[in-house]
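K.L.:
Here you go, one structure.
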Amino acid sequence: MRYLQRIALPAVLLLAPTPIDLGAQEPTFGGAGPARAANDRGGVSAAALAGSKEDPVAVDRGGKLYATNCAGCHGAGARGGVGAPDLVRSVLVLDDEKGILIAPVLRDGRPDQGMPRPNLTESQIADIVAWLHVQTYAAGHRTTYAFQDVVTGDPKKGEAYFNGTGNCNTCHSVTGDLKGIGSRYEPFALQSRWLQPRGGRGGGRGGRGGVAASPRSIITVTVTLPSGQSFSGPLDRIDDFNVSLRDSSGDYHSFARDGAVPSIEIHDPLKAHAEMLARYTDADIHNVTAFLVTLK
């Protein structure tokens, strides 16, 4: 097997981004002040209300009616439940105009499909229709999402997890690299950062057009040829057929792979974070976030 070494323009490593688990909290609509109040009453934000052009008062009433008559089956956010469809993605709801398609279902139910007649007045039906329209608008216009407070955990339990089960203190220190982290980031950004410290970017240099990665997050590789000659540096790309890197001089090297030849050793300083994603419970995520927020 002949090994190729060349100088070339850098290729961008596109590793599959590690999924972010935000504590299993689906983004909700709302925010501070009036927008938050709207969320408490009808589950929508001021931006979604304005964009949908629905009557806010009707939407407010519709949210309450939906919660009483529909949420038990279709879920609080209309995203479906056991045996009940997701209304936000429903073609019937998406194609509806002024209740022409939704109203008959709310008026008569669908007994053959397990949906009884809800016994609503025409005005109540219109209000629920308005509320559903705002839900579908918000789902299609994600800029109307406003993430609410993620600090819902117990900081004491988070500290115990940090120093115990999570083994976080074996790599991090509250008086060292994490000192003052609660002051440097807003809670939501902080939670996202510790769950996915690489920010969804793969490789040693960050994603396409991204900011250069921190030295603490760079994936490095050592390639050793059968002759014993080795090359080390930030990993640029690896697959079943090739591996490439940039050495300390900035030179770019690419090698063909044939099974276990050449020998390849990869070091990912954030490997533990990726492995832990499958183990965190919702409580772990919220508790650790609540603890990190206290590190002012």
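K.L.:
Any idea which of (1) surrounded by fewer than 18 Cβ atoms within 10 Å (Cβ to Cβ); (2) at pLDDT below 50; (3) not assigned by TED's automatic domain parsing to the domain that holds residue 193 is the one residue 42 doesn't satisfy?
P.N.:
(1)
K.L.:
Let me ask something else about it. I need the full set of residues from segment 149-188 which are under 15 Å from residue 284 (Cα atoms) and either part of a loop (DSSP other than H, G, I, E, B) or outside the structural domain of residue 272 (by TED's automatic domain parsing) (or both), in order please.
P.N.:
Within segment 149-188, 150, 151, 152, 153, 154, 164, 165, 166, 167 qualify.
K.L.:
Considering only residues that are surrounded by 13 or more Cβ atoms within 10 Å (Cβ to Cβ) and charged (D, E, K, R), look in segment 248-273 and name the one that is nearest to the chain's Cα centre (by Cα).
P.N.:
268
K.L.:
Checking residue 129 against (1) in a loop (DSSP other than H, G, I, E, B); (2) within 20 Å of residue 55 (Cα to Cα): exactly one of these is not met. Which one?
P.N.:
(1)
The values are calculated or read from the model by the stated rules, or taken from the named source; none is laboratory data. Note that this is a predicted model, so its numbers are computed, not measured. Cβ: placed from backbone, ideal geometry, glycine included. Neighbour counts: every protein chain shown.
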